[in-house]
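Notes to accompany the following structure.
The values are calculated or read from the model by the stated rules, or taken from the named source; none is laboratory data. Fair warning: this is a prediction, and the values are worked out from it, not measured in the lab. Note that each Cβ is placed from the backbone with ideal geometry, even for glycine, and that neighbours are counted across all protein chains shown. Just the protein is used for accessible areas: all its heavy atoms, side chains included, with ligands, DNA and RNA removed. Shrake-Rupley method; radii C 1.70, N 1.55, O 1.52, S 1.80 Å.
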Amino acid sequence: MFGEVTVTKAVDGLGTSGLCTSQLSFITPDPFYAVRAAEVVLSGVSGAGKYYIDSRSKSGGAVTVTCLDRMAFTDEEFPFSDLDEAVPDDVPIGTVMELIVKTVGELSGYGGIPSWFGTYPKEELEGVTCADILTKISEACCGVFYITNDCSLQFLGYGLSSGTAYADAHTALDIGCDFTAAGLKCIDGQGNVITRGNASRKYDSINISSEFMSDEACAEIWGRAEGHTHTAFSCQRCRLDIIPPTGGVIEFAGSGAYRAGSVTASISRAGIFAEVSNPDPSSSEIGVRGRNLRELDGKMSYGRRGTAIYTKYQGVIYEEEE
């Protein structure tokens, strides 16, 4: 016996980097017996993959169970010692991904990584997690990683779709702003700048800084991004035929097709009913900062240290000592 079954999938922002973890939650009567991190499968629900118990809480004779898909297991250290000594300093990406799949476990494989991303520096594979490596790949290739229904680790590039779901009934769509990149600016490991389109304005261009960047990489990414429009919208309630894949498109009867950046689906005998949305391109047009700067934001610690104050927009401010 169980109820209040909810599946959540979401892509952060425009979907230009990161790892997407899907969540399943439900309520069941106490007592609830299951081993730690037990596998949970939603039988008879199209689009539902495997999940694993992450937490459980008991109140009023009911147990609330929260589960995550296999992406939650990527926070494991990469098995650097498993690399053969004969492996070159530039490790083939296939070798890296196979070891990640083996470490994460229960994955059927991987796919979607652009052909130009051929190798990964051996020295950067030691002392990092699988999630760290996947994040760097996603940042360089401009896209996100997610887990498919058949438990495959898949890369979804910006500008591409992972599949389609259909909504035969829905509330009125609230359509927001659009974003179409006018240009792409790429900076490689030596500081060389490669551009496509008109990348002179940061507020309507995509910015990537990565040691893996090249002219071939920039061309492939621009081939996906050019002409792709990110449309913000929200739908308070719709009836779906399947649970949409992460980063998929929903065709709304009589209202067009839109990318579903965020999906919260409630599942019952009556069907799959969901709240769907796609986020606004940016909260600040002036503050649309390149992904290379956002990466530094995550590594930089702001605040007061001694007589120096480290700030995000004003640099380092020094105060006179007492």
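Mind checking the dipole of the stretch 1-150: about its Cα centre, +1 per Lys or Arg Cβ, -1 per Asp or Glu Cβ, Debye to the nearest 20? Walk me through the numbers on the way to the answer.
Values: 9 positive and 22 negative charges, 178 e Å.
Here the size comes out at about 860 debye.
What are the ³J(HN,Hα) couplings of the stretch 75-90, residue after residue, when phi is run through the Karplus curve with 6.51, -1.76, 1.60 and θ = phi - 60°? Round to Hz, x for glycine and proline.
Coupling constants for the stretch 75-90: 7, 10, 5, 5, x, 4, 5, 7, 6, 5, 4, 7, 5, x, 4, 9 Hz.
Using amide H atoms built in the peptide plane, which far-off residues or other-chain residues are under 5 Å from G112 H to H?
It is F155, by chain and number.
Considering only DSSP beta bridges where both residues belong to the stretch 154-267, give the percentage that are antiparallel (nearest 5).
Details: 17 of 26 bridges.
Bridges in the stretch 154-267 are about 65 percent antiparallel.
Taking the Cα centre of the stretch 123-237 as origin, work out the dipole magnitude from +1 charges on Lys and Arg Cβ and -1 charges on Asp and Glu Cβ, in debye rounded to 20.
Details: 7 positive and 16 negative charges, 103 e Å.
In debye, rounded to 20, the stretch 123-237 gives about 500.
Evaluated at 10 °C with a viscosity of 1.306 mPa s, what Stokes-Einstein diffusion coefficient in µm²/s does the stretch 76-234 have when Rh comes from the Kirkwood expression over alpha-carbon pairs? Let's see the in-between values first.
Details: Rh = 17.6 Å.
Answer, rounded: 90 µm²/s.
Say the dipole of the chain comes from +1 at the beta carbon of Lys and Arg and -1 at that of Asp and Glu; which of I206, S57, I267 then lies farthest toward its positive end?
I267
Helix check for the chain. Which DSSP H runs span at least 20 Å along their own axis by Cα, with a mean Kyte-Doolittle hydropathy no less than 1.6? Walk me through the intermediate numbers first.
Working: long enough: none.
Correct list, ordered by number: empty.
How high is the relative contact order of the chain? Use alpha-carbon pairs under 8 Å, at least six apart in sequence, and give a whole percent. Mind showing how you got there, number by number?
On the way: 721 pairs, mean separation 58.6, N = 322.
Answer for the chain is 18 percent.
Enumerate the calculated ³J(HN,Hα) couplings along the stretch 260-268 in order (Karplus 6.51 cos²θ - 1.76 cosθ + 1.60, θ = phi - 60°), each rounded to whole Hz, writing x wherever the residue is Gly or Pro.
9, x, 9, 10, 10, 9, 9, 10, 8
To the nearest 20 debye, what charge dipole does the chain have about its Cα centre, counting +1 at the Cβ of each Lys and Arg and -1 at the Cβ of each Asp and Glu?
1140 debye
Given a 1.4 Å probe, how much area per residue of the chain is accessible, in Å²?
Numbers: 16530 Å² over 322 residues.
Accessible surface, normalised per residue, equals 51 Å².
Starting at the first residue of the stretch 56-67, write each ³J(HN,Hα) from the Karplus equation 6.51 cos²θ - 1.76 cosθ + 1.60 with θ = phi - 60°, in whole Hz, x for Gly and Pro.
8, 9, 10, 7, x, x, 10, 10, 9, 10, 10, 10
What figure, in Å² to the nearest 10, do you get for the accessible area of D280 with a 1.4 Å probe and non-protein molecules left out?
90 Å²
Between A257 and residues 5 or more places away or on another chain, which pairs have amide H atoms under 5 Å apart, with H built 1.01 Å from N, and which residues are they?
Correct list: F252.
What is the antiparallel percent of DSSP beta bridges lying wholly in the chain, to the nearest 5? The partial results should precede the final answer.
Values: 72 of 85 bridges.
Here the share of antiparallel DSSP bridges comes out near 85 percent.
Quick one: which of K122/K185; K102/K122; K9/K50; K50/K136 span more than 20 angstrom between C-alpha atoms? Write out the running numbers ahead of the final one.
On the way: K122/K185 27 Å; K102/K122 18 Å; K9/K50 13 Å; K50/K136 26 Å.
Those over the limit are K122/K185; K50/K136.
Taking each pair of different alpha-carbon atoms in the stretch 51-170 once, compute 1/r for the pair, average those values, and report the inverse of that mean as the Kirkwood hydrodynamic radius in Å to one decimal. It would help to have the intermediate numbers written out before the result.
Details: mean 1/r = 0.0616 Å⁻¹.
Taking the inverse mean of 1/r over all distinct Cα pairs, the stretch 51-170 comes out at 16.2 Å.
Please compute the alpha carbon radius of gyration of the chain, then divide it by the globular-protein estimate 2.2 N^0.38 Å. Two decimals is fine. Before the final figure, lay out the partial values.
Working: Rg = 21.8 Å, N = 322, 2.2 N^0.38 = 19.7 Å.
Here the answer is 1.11, to two decimals.
Ignoring any ligand, DNA or RNA, what whole percent of the accessible area of the stretch 178-269 comes from carbon and sulfur when the probe is 1.4 angstrom? Before the final figure, lay out the partial values.
Numbers: 1760 of 4120 Å².
In the stretch 178-269, the share of accessible area belonging to carbon and sulfur is 43 percent.
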